[in-house]
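Remarks on the structure that follows.
The values are calculated or read from the model by the stated rules, or taken from the named source; none is laboratory data. This one's a predicted model, so the numbers in the text were calculated from it and none came from an experiment. With ideal geometry, Cβ positions are generated from the backbone for all residues, glycine too; neighbour counts draw on all protein chains shown. Protein only, heavy atoms only, side chains kept; ligands, DNA and RNA dropped before computing areas. Shrake-Rupley method; radii C 1.70, N 1.55, O 1.52, S 1.80 Å.
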Amino acid sequence: MNRGQGMVSIIGAGPGDPELITVKALRRIEQADVILYDRLVSEELLQYARPEVRRIYCGKSPGLHHMSQQAIHRTLLQHASAGLHVVRLKGGDPLVFGRGGEEALFLQEHGMDYEIVPGVTAAIGAAAGADIPLTHRGIATSFACVTASRAQSEAGSESAGDGVRWDLLAGSVDTLAIYMGVSQLQQICTELVRYGRPADTPVAIIENGTTAVQRVLTGTLEDIHAIAQAARLGNPALIIVGEVVRVREQLMQIRQQAQTMIG
Ligand code: SAH
């Protein structure tokens with residue numbers, strides 16, 4: 001990185017637990033002149049920035065956008081053009097449903113230097129937080145990260161399953177890790193059953209994965225919607241569909257047996 005010449009570091013903050021950021025991303029936060037950060041970024045990470053750093057909150061709750069994507073692009077470019085080191089800090093990984101690619105394209109088109117620093121995406125973080133292996137020998141040899149939302153559009157519309165080929169995904173991938181799916185849980189489950197997933201396929205939903213307030217709900221494609229409603233499930237939450245969810249249950253059983261023996 002050339003000091004004095006502006007640039008943008010598009011970095012992943014990891015899935016929630018601030019300790020899950022990479023060393024490289026943390027260094028970029030420490031060096032930054034300006035930080036543009038999203039809603040799902042742990043505020044704790046901003047403590048590592050220099051006291052004089054300029055912090056810009058970019059918001060983005062489901063259905064409610066604080067700063068438009070165009071405004072974010074312009075702000076990144078404006079500060080970097082003034083010779084500053086700008087950090088664009090995003091939850092999880094910047095290139096997984098994070099619009100990091102769009103920001104890189106915009107900067108490249110305007111001749112601005114940028115780099116991308118990956119992060120632990122929610123599927124990886126939340127699965128680990130819930131003791132669910134996304135692949136497991138004899139049970140699952142593939143997983144897919146899917147967004148249930150078309151909210152990649154500026155209006156933030158979350159219309160059901162738009163653009164997602166549930167017909168193909170249902171039968172071709174063992175484990176599905178579904179992002180932004182809470183508001184459409186029932187439609188997703190119905191679609192998967194319609195396209196051939198057994199109704200008793202296990203499902204886990206991890207709310208606030210890897211944080212101190214993580215909650216894990218489990219059920220099946222048939223009953224998870226009622227379970228989530230009863231538990232007043234909120235955001236952010238990741239849905240995991242597949243037989244691998246049973247491994248969590250096995251682990252829990254073994255843990256309970258061990259505790260009873262000790263007790
Ligand atoms: N770039 C991010 C994803 C942004 S989309 C990444 O790589 O993780 C936002 C969605 O990610 C949320 O709606 C939710 O489905 C998921 N998500 C983000 N953080 C999460 C967390 N701590 N626990 C569970 N799901 C999370």
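Is there any pair with a first residue in the stretch 206-218 that is under 14 Å from residue 228 (Cβ atoms) and a second that is of a type in the set (Lys, Arg) and more than 10 Å from the ligand (Cβ to nearest atom) whose Cβ atoms are under 9 Å apart and which are 6 or more apart or on different chains, and what are they?
216/248; 218/248
Take the residues in the stretch 231-263 that are more than 16 Å from the ligand (Cβ to nearest atom) and of a type in the set (S, T, N, Q); name whichever of them is nearest to residue 198 (Cα to Cα).
Among them, the one singled out is 250.
Being surrounded by fewer than 18 Cβ atoms within 10 Å (Cβ to Cβ), touching a residue at least 40 places away in the same chain (Cβ under 8 Å) and part of a helix (DSSP H, G or I), is that true of even one residue in the stretch 231-239?
No, the stretch 231-239 contains no residue that is surrounded by fewer than 18 Cβ atoms within 10 Å (Cβ to Cβ), touching a residue at least 40 places away in the same chain (Cβ under 8 Å) and part of a helix (DSSP H, G or I).
As an exercise: evaluate residue 48 against (1) open to solvent by 30 Å² or more (accessible area, probe 1.4 Å); (2) more than 22 Å from residue 126 (Cα to Cα); (3) at pLDDT below 95 and give the number of the one condition it does not meet.
Every listed condition holds for residue 48 apart from (3).
If I filter the stretch 178-190 for residues that are small (Gly, Ala, Ser), part of a strand (DSSP E or B) and within 16 Å of the ligand (Cβ to nearest atom), do I get at least one hit?
No, there is no match, as no residue in the stretch 178-190 is small (Gly, Ala, Ser), part of a strand (DSSP E or B) and within 16 Å of the ligand (Cβ to nearest atom).
Within the set of pairs 6 or more residues apart or between chains, which connect a residue that is on the phi < 0 side of the Ramachandran plot and not assigned by TED's automatic domain parsing to the domain that holds residue 238 inside the stretch 94-106 to a residue that is part of a helix (DSSP H, G or I) and surrounded by fewer than 21 Cβ atoms within 10 Å (Cβ to Cβ) with Cβ atoms less than 6 Å apart?
Partner pairs satisfying both residue conditions: 95/101; 106/73.
Condition (residue is open to solvent by less than 40 Å² (accessible area, probe 1.4 Å), over 30 Å from residue 251 (Cα atoms) and either more than 13 Å from the ligand (Cβ to nearest atom) or not in a helix (DSSP H, G or I) (or both)) applied to the stretch 133-150: is it met by at least one residue?
Yes, some residue in the stretch 133-150 is open to solvent by less than 40 Å² (accessible area, probe 1.4 Å), over 30 Å from residue 251 (Cα atoms) and either more than 13 Å from the ligand (Cβ to nearest atom) or not in a helix (DSSP H, G or I) (or both).
Are any residues in the stretch 86-132 more than 13 Å from the ligand (Cβ to nearest atom), open to solvent by less than 50 Å² (accessible area, probe 1.4 Å) and outside any helix (DSSP H, G or I), and if so, which ones?
86, 87, 112, 115
Within the bounds of the stretch 214-230, is there any residue that is among the hydrophobic types (A, V, I, L, M, F, W, C), within 16 Å of the ligand (Cβ to nearest atom), over 18 Å from the mean Cα position of the chain (by Cα) and open to solvent by less than 30 Å² (accessible area, probe 1.4 Å)?
yes
Confirm whether residue 82 is exposed (fewer than 15 other Cβ atoms within 10 Å of the Cβ), in contact (Cβ under 8 Å) with a residue 24 or more places away in the chain, closer than 18 Å to residue 32 by Cβ and away from the ligand (no atom under 13 Å from the Cβ).
When the stated conditions are applied, residue 82 passes them.
Any idea which of 53, 34 is among the β-branched types (Val, Ile, Thr) and surrounded by fewer than 21 Cβ atoms within 10 Å (Cβ to Cβ)?
53
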